[in-house]
């Protein structure tokens, strides 16, 4: 019996390919299987925040992503008549995480960048045009994956230590392991319209949200020539009826003004049902669910795709450590323990925002007209509305419980510019790190080198020093996903808590 692949990834969307790339960064071989022979060409996700941009940095594609994305300027709330109720403006320069807080982009272009990255990596094999039909434990400590070539009909079987189900909302992997979606009772039908045009559309550069109980709408400038509109469909209304040129012309006119509709090239006009769901089980033995296979998020806070990339960042380094013998297999249970509550909080927030902007009928409309203009004057609210910071991870085997509310454990460390001009993420790479305030004893530095842990001395008055001090700690152990695993006063003790990770190497590509 041939040796199994360390990891088989099912699905070559952004979550699956990012997972493959991060596994390769840690020196883990994998094969990615996808039913499409190339990048799916239709635009879908359009937003990633600064926390998720750090994941793209670790995947080695942040510069390419920056070249195809544009920072968004905030949020504007509009009434049904398109008068501005409130505007929350943000800067477009890099924030605490080293990237702009809101970044608009075209998903197929991001996918092409990710695929080029894995195509150049000998640790990743990408097979398109194949259908995964079955996933099951093979009784010999591995997972069997049945695959059918969509062109020839030829069948094959792969064996894997671990399988990552990144195959979307209609996940075959989720069905195979018997996991079911838990519904949060939110479903809205929307028409999504993507447009390309050379015409000058003179619209503010942030997100426009029309708060209208009858026809809620969203507008986003995605790029120099790309624009997106989303319109809520009325009960009984068909997408076909709203998609006619005459109807679309009237729907987009508040933004396009005198620009002729004929100057707009409609790339996509499709109905979507925005749902809020979370799978009841994310792991079954050696099989894991990631991205839309594990959760569906309404788009109102722009966290749908980002949640999938967070899944990949959370799980891949743990898999690498288990495969290298640095962690026991049971440590992989921390993936669901950490990610499921985190994404559930994001989904609940998205549902709440969606309902606040679209429900309530005439009474709700009157309340929004009365309340929204006053929101910008509430102390601290502007910062909260624009803040991209997500909640701390729940405690797990790989995230120490916080004993004080200001503890840094479970949160992302910042990514400031260091004294040598580099950002922290450039120094940390894909390894564990210990940030230490003040001088570092020689024996601690030697132990860090032996364990291949990055040791970062922190000046007390620097951005990192102030961050540590406000957290009541002198040192912090930072995981490869940039989450603070634990803090304390003893850097040596934190070093000893860092699990082993494999060395990056390039072996034979493995079973074909």
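In table form, for the structure just shown:
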{"item": "Filter pass, residue 146 being over 21 Å from residue 28 (Cβ atoms), surrounded by 15 or more Cβ atoms within 10 Å (Cβ to Cβ) and at pLDDT 95 or above", "result": "yes"}
{"item": "Hits in segment 476-494 (condition: in contact (Cβ under 8 Å) with a residue 12 or more places away in the chain and either assigned to a loop (DSSP other than H, G, I, E, B) or over 20 Å from residue 96 (Cβ atoms) (or both))", "result": "479, 480, 481, 482, 486, 488, 489, 490, 491, 492, 494"}
{"item": "Every residue from segment 62-74 that is surrounded by fewer than 19 Cβ atoms within 10 Å (Cβ to Cβ) and not in a helix (DSSP H, G or I)", "result": "70"}
{"item": "Those residues of segment 120-139 which are under 25 Å from residue 26 (Cβ atoms), touching a residue at least 60 places away in the same chain (Cβ under 8 Å) and not in a strand (DSSP E or B), in sequence order", "result": "121, 122, 123, 128"}
{"item": "Check on residue 85, at pLDDT 95 or above, part of a strand (DSSP E or B) and touching a strand residue (DSSP E or B) at 6+ places or on another chain (Cβ under 8 Å)", "result": "no"}
{"item": "Unmet requirement for residue 282, which otherwise passes all of (1) farther than 24 Å from residue 350 by Cα; (2) in contact with a helix residue (DSSP H, G or I) (Cβ under 9 Å, 6 or more places away or on another chain)", "result": "(1)"}
{"item": "Residue count for segment 438-470, restricted to those that are touching a residue at least 24 places away in the same chain (Cβ under 8 Å) and more than 25 Å from residue 501 (Cβ to Cβ)", "result": "7"}
{"item": "All positions within segment 203-223 that are within 19 Å of residue 90 (Cα to Cα) and in a loop (DSSP other than H, G, I, E, B)", "result": "203, 204, 205, 206, 222, 223"}
{"item": "Residue match in segment 240-248 (condition: part of a loop (DSSP other than H, G, I, E, B), outside the structural domain of residue 160 (by TED's automatic domain parsing), surrounded by fewer than 22 Cβ atoms within 10 Å (Cβ to Cβ) and out of contact with any helix residue (DSSP H, G or I) (no Cβ under 7 Å at 6 or more places or on another chain))", "result": "yes"}
{"item": "Unique match (being loosely packed, with under 15 Cβ neighbours inside 10 Å, closer than 19 Å to residue 485 by Cβ and either modelled with pLDDT of 90 or more or in contact with a strand residue (DSSP E or B) (Cβ under 9 Å, 6 or more places away or on another chain) (or both)) among 429, 438, 410, 421", "result": "429"}
{"item": "Selected residue (only one of 263, 324, 312, 293 is touching a strand residue (DSSP E or B) at 6+ places or on another chain (Cβ under 7 Å) and surrounded by 13 or more Cβ atoms within 10 Å (Cβ to Cβ))", "result": "293"}
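Matching residues to (1) crowded, with 19+ Cβ neighbours inside 10 Å; (2) over 29 Å from the mean Cα position of the chain (by Cα):
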{"position": "252", "(1), (2)": "yes, yes"}
{"position": "267", "(1), (2)": "no, no"}
{"position": "271", "(1), (2)": "no, no"}
{"position": "279", "(1), (2)": "yes, no"}
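The values are calculated or read from the model by the stated rules, or taken from the named source; none is laboratory data. Bear in mind that the values here come from a model prediction, so they are computed numbers and not experimental data. Reconstructed Cβ throughout: ideal geometry from the backbone, glycine too, with neighbour counts over all protein chains shown.
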